[in-house]
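A short worksheet on the structure shown next.
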Amino acid sequence: MSLKEQINLSRLPQHVAIIMDGNGRWAQRQGEQRIFGHQHGVRAVRDTTEAAAELGIKFLTLYAFSTENWNRPKAEVDALMELLIQTILAETATLNKNNIRLLAIGDLESLPGNCHQQLREAMAATASNTRMSLVLALSYSAKWELLDAVQRISQDVKKGTLDASAINEEVFSNYLTTVGIPDPELLIRTSGEHRISNFLLWQIAYSELYFTDKLWPEFTKEDFYTALIDYQQRERRFGLVSEQLK
Ligand code: IPE
Ligand code: IPE
Ligand code: MG
């Protein structure tokens, strides 16, 4: 049986999030510049998106650029922004063909103007697609998102449009950039690092974590299937005891 056939389609996660890491190391291992790795990472983005949509996963979130990544050498940041623009431009037609909606989370205002513009156009062009949402985390960090939510909540409480005693998990979630997106059941990180790096802290409170040593440019559909099979073998207890789940 192929890996794909081993996946139980009735127990798929609705939402898978991925920390795409290891592009720089992959490039350096072949004696190339880091940006070479980012360019090759696009192949893995394309294949993973296709694999997720084919299976019937509804949301795929990819951590593409963190708030902290702004502090990398300017040449790398500029090259990443250019790659982002080119990729969005090149892939919008494929997203439409495959009925995939593009969304973005993060401090999008901080992106260079042309980049933000390209992103907005691609999101508008794919807005009515229903098969899967591909969510790009750009200039994203969880601490930025949580503080942004707290500030907007405070303003609404001050204006009197929100009652402080009514703030519960649901209300709070509505102030996050992930509003309307269910929490990921599965979080994958490539490149062998075992950390979250300021990704979706609130949303991954009960996610299953899966780490692989594969560097992002090497990540294939088969690796994605392997992560899903691993996920499906776990018992998600949410604080209960095993017997209660039966
Ligand atoms: C992940 O690869 C992509 C981004 C953070 C933009 P890295 O660029 O972090 O690659 P490594 O981790 O240095 O190998
Ligand atoms: C996390 O990777 C951010 C993205 C994948 C976009 P980093 O390479 O920036 O994170 P650290 O430095 O390993 O924590
Ligand atoms: Mg990295």
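Scanning segment 10-24 for residues that are under 21 Å from the mean Cα position of the chain (by Cα) and not in a loop (DSSP other than H, G, I, E, B), which turns out farthest from ligand 3 (Cβ to nearest atom)? Step through it out loud before you land on a result.
Let us first name the residues in segment 10-24 that are under 21 Å from the mean Cα position of the chain (by Cα), namely 11-24.
Those still in the list that are not in a loop (DSSP other than H, G, I, E, B) too: 11, 15-19, 23-24.
Working: ARG11: 31, HIS15: 23, VAL16: 19, ALA17: 16, ILE18: 13, ILE19: 9, ASN23: 7, GLY24: 6 Å.
Among residues in segment 10-24 that are under 21 Å from the mean Cα position of the chain (by Cα) and not in a loop (DSSP other than H, G, I, E, B), the one farthest from ligand 3 (Cβ to nearest atom) is ARG11.
Is it the case, given these coordinates, that ASN114 is surrounded by 15 or more Cβ atoms within 10 Å (Cβ to Cβ), at pLDDT 95 or above and more than 27 Å from VAL171 (Cβ to Cβ)? Steps first, please.
Details: surrounded by 15 or more Cβ atoms within 10 Å (Cβ to Cβ): no; at pLDDT 95 or above: yes; more than 27 Å from VAL171 (Cβ to Cβ): yes.
In short, no.
Do we have any residue at all in segment 174-197 that's more than 27 Å from LEU9 (Cα to Cα), more than 16 Å from ligand 1 (Cβ to nearest atom), free of Cβ contacts under 8 Å to residues at least 60 places away in the same chain and over 15 Å from the mean Cα position of the chain (by Cα)?
yes
Looking at (1) closer than 30 Å to SER2 by Cβ; (2) in contact with a Gly (Cβ under 8 Å, 6 or more places away or on another chain), can you tell me which one LEU228 breaks?
Unmet for LEU228, out of (1) closer than 30 Å to SER2 by Cβ; (2) in contact with a Gly (Cβ under 8 Å, 6 or more places away or on another chain): (2).
Would you call ILE57 more than 23 Å from LYS143 (Cα to Cα) and assigned to a helix (DSSP H, G or I)?
Details: more than 23 Å from LYS143 (Cα to Cα): yes; assigned to a helix (DSSP H, G or I): no.
No; evaluated as a whole, the condition is false for this residue.
All but one of (1) under 30 Å from ASP148 (Cβ atoms); (2) buried (at least 19 other Cβ atoms within 10 Å of the Cβ); (3) within 14 Å of ligand 1 (Cβ to nearest atom); (4) not basic (Lys, Arg) hold for VAL42, so report the exception by its number.
Exception for VAL42: condition (2).
The values are calculated or read from the model by the stated rules, or taken from the named source; none is laboratory data. Keep in mind that this is a model prediction, so the values were computed, not measured. Note that each Cβ is placed from the backbone with ideal geometry, even for glycine, and that neighbours are counted across all protein chains shown.
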